[in-house]
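One structure is given below, encoded as structure tokens.
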Amino acid sequence: MKRLQILVLVLLPIFCFSQNSDLGNWLLYFGNKQINSKLNWHNEVQYRSYNAISDLEQLLIRTGIGYNLTENNNNILLGYGYILSENYTGNTDEKQSVNEHRIYQQFITKQNIGIVSLQHRYRFEQRFIESDFKLRLRYFLGLNIPLNKKQLTDKTLYASMYNEIFLNTQKEVFDRNRLYGALGYKLSSTIRFELGYMNQFLSNGCRDQINMVTFLNF
């Protein structure tokens with residue numbers, strides 16, 4: 001059965017160190033096709049812009065083939081990603097295009113502790129950025145907690161949280177950390193919404209943003 005997910009995020013960044021506020025927008029599509037009981041095909045497209053939609057910040061296209069070690073859990077995946085970044089040069093209006101090709105391997109495992117649903121994701125990335133080559137490790141821990149029911153079923157209000165840390169293998173080991181918290185509502189098996197806050201700690205500063213999230217599964 002084919003299962004597709006569309007994730008749309010509208011981000012309102014508020015920069016640290018008294019920088020001017022800015023309206024950004026992330027549009028994300030996540031898809032997963034179950035090839036058979038063991039194999040799945042992952043695909044996603046992310047469009048990130050500095051403003052509502054017109055000023056491209058980053059375009060990310062990622063895909064991969066996964067294998068379930070156990071039914072509906074413990075998935076390993078080998079994937080590839082292409083990333084186009086449009087970076088502003090200093091405080092000018094000039095932008096520089098940066099192309100990145102990325103190979104990655106990941107392992108996802110899920111567990112339940114009482115009413116809390118946990119997901120762990122371990123990812124190793126080999127990044128070919130123009131003429132440079134970098135390696136990066138990522139660890140993601142996410143959880144969902146139903147608030148008005150014992151399980152995350154239809155018409156459930158829930159709390160969603162995650163933390164993801166990014167580590168380089170070179171001298172500057174710490175790359176960034178994303179901490180996110182949200183209040184969500186699962187309308188049905190195909191639609192749920194979240195309104196949340198994410199703080200992104202970068203190696204040279206930090207960034208706060210409001211996230212409005214829509215999940216569609218069909």
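When the label point is put 7 Å from the Cα of residue 87 along its Cα-to-beta-carbon vector, which residues of the stretch 155-170 have a backbone N closer than 20 Å?
What the label zone holds, given the 20 Å backbone N cut-off, is 166-170.
Return the sequence-ordered ³J(HN,Hα) values of the stretch 140-152 in whole Hz as given by the Karplus equation 6.51 cos²θ - 1.76 cosθ + 1.60 applied to θ = phi - 60°, using x for Gly and Pro.
Values per residue, Gly and Pro as x: 10, 10, x, 8, 10, 10, x, 9, 10, 9, 8, 9, 7 Hz.
When only DSSP loop residues count, what trypsin sites (Lys or Arg not before Pro) in the stretch 146-181 have their Cβ near at most 12 other Cβ atoms within 10 Å?
Numbers: sites: 149, 150, 155, 171, 176, 178; in loops: 149, 150, 155, 171.
Those that pass, being in a loop and sparsely packed, are 150, 155, 171.
Of all GluC sites (Glu not before Pro) in the stretch 41-131, which ones are in loop regions per DSSP and have a Cβ with at most 11 other Cβ atoms within 10 Å?
Working: sites: 44, 57, 71, 86, 94, 100, 125, 130; in loops: 71, 94, 130.
Here the GluC sites (Glu not before Pro) that fit, given the DSSP loop and packing criteria, are 71, 94, 130.
Can you give the accessible area per residue of the stretch 63-218, in Å², using a 1.4 Å probe? Intermediate results must be reported in sequence, preceding the final value.
On the way: 8920 Å² over 156 residues.
That works out to 57 Å² for each residue.
Leaving out same-chain residues fewer than 8 places away, which lysines sit with a Cα under 30 Å from that of residue 110?
2, 33, 38, 134, 149, 150, 155, 186
Would you mind calculating the relative contact order of the stretch 37-162 from Cα pairs under 8 angstrom and at least 6 residues apart, reporting the percent as a whole number?
Working: 285 pairs, mean separation 18.4, N = 126.
That works out to 15 percent.
The values are calculated or read from the model by the stated rules, or taken from the named source; none is laboratory data. Nothing here was measured: the structure is a model prediction, and the numbers come from that model. Positions of Cβ are backbone-derived with ideal geometry, glycine not excepted, and every protein chain shown enters the neighbour counts. The protein model used for the area step is the full one, side chains on, heavy atoms only, and it has no ligands, DNA or RNA in it. Shrake-Rupley method; radii C 1.70, N 1.55, O 1.52, S 1.80 Å.
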